[in-house]
Amino acid sequence: MTASATHSAIDAVWRIESAKLIAGLARMVRDVGLAEELAQDALVVALETWPKTGVPDKPGAWLMAAAKNRALDYYRRTKLLERKHEELGRELEAEQEMAAADSAAAIDAAIDDDIGDDLLRLILTACHPVLSTEARVALTLRVLGGLTTEEIARAFLVPEPTIAQRIVRAKRTLAEARVPFEVPRADELAARLASVLEVLYLVFNEGYSATAGDDWMRPALCNDALRLGRILAELLPGEPEVHGMVALMEIQASRASARVGPSGEPILLPDQDRARWDQLLIGRGLAALEGAEALGGANGPYALQAAIAACHARARTAAETDWARIVALYDALAQIAPSPVVELNRAVAVSMAFGPAEGLALVDALTSEPLLKGYHLLPAVRGDLLAKLGRADEARAEFERAASLTRNSRERKLLLDRAGALDHALRVVK
């Protein structure tokens, strides 16, 4: 294997194994920041060794063994946490004794032990409410998504030093707050789990509809969020909202290739070629939704949003969409998770089910909502409804205002094109 091929293999191994590696180390050292440093040290050793020796048959086990040795070296060198030093030393001594008989089996056993619990602890720690949302997102993508600081910064269009500072501060905050590396008690799990779901769906949404920049979508972020959501569903099979969120992401992700045109331009839902929707992802999403409903979670916020997405997925054409059911689902969502954005989405559904005039009345009632003051989709929706009602002059002004508010260049062009088309129509009429 060439050096280039070996480095590519190491990169792939790191993406797959890093979360499990950091989780296992964090269980031992009780410090996410230190666990990541030890994992990175093991990666450096691999980068130095594997080009000469080749990639081992069990690279994850190799990295864990190297990281454990680095951990023991660290405690010996700093003479900190003597009790943990003794515990880790005894663990390694036991492994060395077992290694005399079967070293590979010993290392495999050490890695496989409680790996599911370790990952769950790591997810809950990285998304701990003591951290800001921005810090939770950065730390989650770093330690669970395996992304570099540069990749995270590029995905969210934030300077790399800013992301680096967020990650450093997040680790420091967790250490100073002495956040335990554990699965919380049942009475605390709901709040912690809500934070995890919020972070994962925020990451997915940024990939699905980028806030700013030149790309309409960032599929890598969608894939990372979906992968982590699937892991979480395996770790918490009895939590209906986890399955609801995974269902929502699976169904939304199924439209990815149909949402972008040949030149990267956005294609909105009514205009998408549904033959390009990924039926495998739709099937997985519908199965996850059934799982959430079977657990009694049909009325959870994520399950309701997944049910709305399922209405679109089941319709063979845009005209066959069951908009009346979507309105009912938004009614239920507004009851348990009220927000101006939910009301705006409900207004769109009402307009499709009962006519643009009905929808416009609801949208007009939201124009004084402070939380929507700078939200570009409010004038965008209003412009669409005005256009359908033949009020082209007003609609053009709304599209132009929406374009001035968005920070995504693809979306801005789409909105300006719609405004331009109305301007052209007005000139023709005159």
> For the stretch 333-339, what does the Karplus curve 6.51 cos²θ - 1.76 cosθ + 1.60, with θ = phi - 60°, yield as ³J(HN,Hα) per residue in whole Hz, taken in order and with x for Gly and Pro?
Replying inline: 5, 5, 6, 9, 9, x, 6
>> With angles folded into 0 to 90 degrees, how steeply does helix 115-126 sit against the dominant principal axis of the chain? Use alpha carbons for both and round to 10.
In response: 60 degrees
>> Quick check: the angle from helix 377-388's long axis to the longest principal axis of the chain, C-alpha only, nearest 10 degrees?
In response: 30 degrees
> Length gain on complete extension for the stretch A361 to E290, per 0.36 nm per residue less the alpha carbon to alpha carbon distance?
Replying inline: 22.1 nm
> Quick one: if the Förster radius is 45 Å, what FRET efficiency do A328 and E182 give, using the C-beta to C-beta distance and rounding to 0.05?
Replying inline: 0.65
> Modelled label-to-label distance, S409 and Q165, 7 Å Cα→beta-carbon offset: nm?
Replying inline: 2.6 nm
> Could you list, bin by bin from short to long, the percent of Cα-Cα pairs of the stretch 352-430 in 10 Å steps?
Replying inline: 20, 48, 29, 3
>> Give me the percent of accessible area attributable to carbon and sulfur for the chain, probe 1.4 angstrom.
In response: 54 percent
>> Between A319 and K58, how high is the FRET efficiency from 1/(1 + (r/R0)^6) when r is the Cβ-Cβ distance and R₀ = 56 Å? Nearest 0.05.
In response: 0.55
> Contour minus end-to-end for A194 and R77, with contour as 0.36 nm per residue of separation and end-to-end as the Cα-Cα distance?
Replying inline: 38.1 nm
> Which net charge results for the neighbourhood of D215, defined as the other residues with beta-carbon distances under 15 angstrom from its beta-carbon, given Lys and Arg at +1 and Asp and Glu at -1?
Replying inline: +2
>> Can you list residues from other chains, or at least 5 along the same chain, whose modelled amide H is less than 5 Å from the amide H of A212?
In response: none
> For L141, what is the net charge nearby, where nearby means another residue's Cβ is under 13 Å from its Cβ and Lys, Arg count +1, Asp, Glu -1?
Replying inline: +1
>> Accessible area per residue for the chain in Å², computed with a 1.4 Å probe and the full protein assembly in place, what is it?
In response: 48 Å²
> Mind listing P(r) for the stretch 117-266? All alpha-carbon pairs, 5 Å bins, whole percents.
Replying inline: 2, 10, 19, 22, 19, 14, 9, 4, 1, 0, 0
>> Please compute the modelled spin-label separation between Q335 and V45, points set 7 Å along Cα→Cβ, answer in nm with one decimal.
In response: 5.8 nm
> Taking every pair of alpha-carbon atoms in the chain, what share in percent sits in each 20 Å bin, from 0 to the bin with the longest distance?
Replying inline: 22, 50, 23, 5, 0
> Does anyone have the angle between helix 240-253 and the longest principal axis of the chain? Alpha-carbon axes, 0 to 90°, nearest 10?
Replying inline: 60 degrees
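Please go through the residue pairs K58/K171; K373/K413; K171/K413; K388/K413; K20/K52 and name each one whose alpha carbons sit more than 32 Å apart in this structure.
As for pairs spanning more than 32 Å Cα to Cα, those are K171/K413.
The values are calculated or read from the model by the stated rules, or taken from the named source; none is laboratory data. Remember, predicted model here, so these are calculated numbers, not experimental data. No Cβ is skipped: glycine too gets one built from the backbone with ideal geometry, and neighbour counts run over all protein chains shown. Remember, those area values only see protein heavy atoms, side chains included, never the ligands or the DNA or RNA. Shrake-Rupley method; radii C 1.70, N 1.55, O 1.52, S 1.80 Å.
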